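The values are calculated or read from the model by the stated rules, or taken from the named source; none is laboratory data. As the structure is a computational prediction, the values presented were derived from the model and not from experiment. All Cβ positions, glycine included, derive from the backbone under ideal geometry; neighbour counts span all protein chains shown.
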Amino acid sequence: MAIYHMSVKPVSRSKGRSSTAAAAYRAGCVIEDKRTGLEHDYTKKEGVKHTEIITPEGVNIPTRSDLWNAAEAAEKRKDGCTAREYEVNLPYELNEQQRTELAQDFCKQLAETHGIAVDLCIHEPTDKEVKAGADARNHHAHILTTTRKITNDGLTDKADIEKSGRKRKDDLKATRQLFADTANKHLKKAGLENRIDSRSLKDQGSSLKPTIKMGKIATQMERDPTYTPIGKAPRPKYKTKKGDINRAIRADNKEIQRLETEIADTKALLEKEAKLIKTDVPIVKIGAFANDIFIGLHKEHDDILNFDKDKQAQRIKDTRENFLTMTDKLTDMLDKNLDSSKLSADELSDVKTALESVFKLTSNVDNAASFSDYNSARASQESLSAIQDSYSKCQQQIERIEQPRKMLADESLQVRRP
């Protein structure tokens, strides 16, 4: 199932960060920061599948080193924000090419909408990370954007989305929705039914609970070590408190999803049954088997009217045998399970209505049938008599249960009288 994830954070000097270092790490390359003289070399980094610089239509594409050195040079403040990073999850249901096209589409829209340069880097878990406990489906993209507009003359004014006084929450909401719409477009294009939603679980009206943020340290503690110094034993894998909380939440969510699926299936079944049962035929509450029998009997009653005459007699006989079986089962339920302490007033009323409906349906079948010979008519009459006998037994059982109830009700009434 495709999941939604987007995190947005600034690359700010006040946090000791630089856009040159961030770009070099995410692209797995080397960039020399001309402002500080530091060389950021991450050429040994693994898991980088695709890197690309994207600019607005008609703007020349600079090198990665030139772009981010220009971003560093454009900001004079010691707490200046030189870039903004978007981290998005790419649906694992898509193949590598489809994920790349999705990320490119989203980045092009960012570039065109805000007039900025976008540095796209797509990552996937390495074999070493997966062996240590990482999810092999964790395909994601790191997207660095300039905070200033870019033209063929270089970086210019601050992008509108970066200007002070704007409602950051509204901008973030719009960007989150943009990615969701773009991802869903590509999922549909790939012929997949999966969709993602940028809204929180609460806003979606979902009964599922959100997991808490693990953070880098807790995540590493939960996994096997990817590096062990020579001569030392590998550290153990820990279960953190945050991890325990998330495991409990996931277990709860799994159970909630199971129950919701069961409820949805039951609701669909009831709706399907309601279409088969006419308004004058009740749905009995006393047992699932009774509901199934009523649906089948009513359907058989309708089918008989559409059968040709040669098949009517046999079908009517079969139908009446089913009627008889059903009334016998009701009698058996009354005998074995539904004594006066277990059968509620509502259930008792349902049994009465059910038996009346059985008798009514039987009469309807009898009246609708046309028999070509005496033997068929005689067989029909005998079958009807058997059903009436079974019906009478049920009536007797109901009266047996109702009698003590009526007496108790009368006694209670007498006690209450002044």
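Descriptive notes on the structure:
- Residues being under 25 Å from ALA21 (Cβ atoms) and crowded, with 19+ Cβ neighbours inside 10 Å - total across region 101-114: 6
- Members of region 106-146 found to be in a helix (DSSP H, G or I), polar (S, T, N, Q) and under 29 Å from the mean Cα position of the chain (by Cα), listed by number: GLN109
- Looking only at region 15-37, and only at residues there that are among the β-branched types (Val, Ile, Thr) and at pLDDT 95 or above, the one that is nearest to HIS50 (Cα to Cα): VAL30
- Some residue of region 8-24 being among the small types (Gly, Ala, Ser), surrounded by 14 or more Cβ atoms within 10 Å (Cβ to Cβ) and within 36 Å of the chain's Cα centre (by Cα): yes
- Residue in region 160-178 that is surrounded by the fewest Cβ atoms within 10 Å (Cβ to Cβ), counting only those that are of a type in the set (S, T, N, Q) and farther than 15 Å from LYS9 by Cβ: SER164
- Any hit, region 211-226, residues being closer than 26 Å to ASN184 by Cβ, assigned to a loop (DSSP other than H, G, I, E, B), more than 18 Å from the chain's Cα centre (by Cα) and not polar (S, T, N, Q): yes
- Selected residue [modelled with pLDDT of 95 or more, out of contact with any helix residue (DSSP H, G or I) (no Cβ under 9 Å at 6 or more places or on another chain) and either surrounded by 13 or more Cβ atoms within 10 Å (Cβ to Cβ) or farther than 28 Å from ALA74 by Cα (or both)] from ASP127, ASP181: ASP181
- Scanning region 76-96 for residues that are among the acidic types (Asp, Glu) and either closer than 21 Å to SER65 by Cα or in contact with a His (Cβ under 6 Å, 6 or more places away or on another chain) (or both) returns GLU85, GLU87.
- Of all residues making up region 20-59, the number that are in a strand (DSSP E or B) and of a type in the set (Val, Ile, Thr): 6
- The listed residue being among the basic types (Lys, Arg) and touching a helix residue (DSSP H, G or I) at 6+ places or on another chain (Cβ under 6 Å), out of LYS216, LYS209, LYS163, LYS232: LYS209
- Any pair with Cβ under 8 angstrom, 6 or more apart, that starts in region 201-219 at a residue that is within 9 Å of LYS242 (Cα to Cα) and ends at one that is at pLDDT below 85 and assigned to a helix (DSSP H, G or I): MET214/GLU222
- Taken as a whole, the structure leaves ARG17 outside the set of residues that are assigned to a helix (DSSP H, G or I) and of a type in the set (Lys, Arg).
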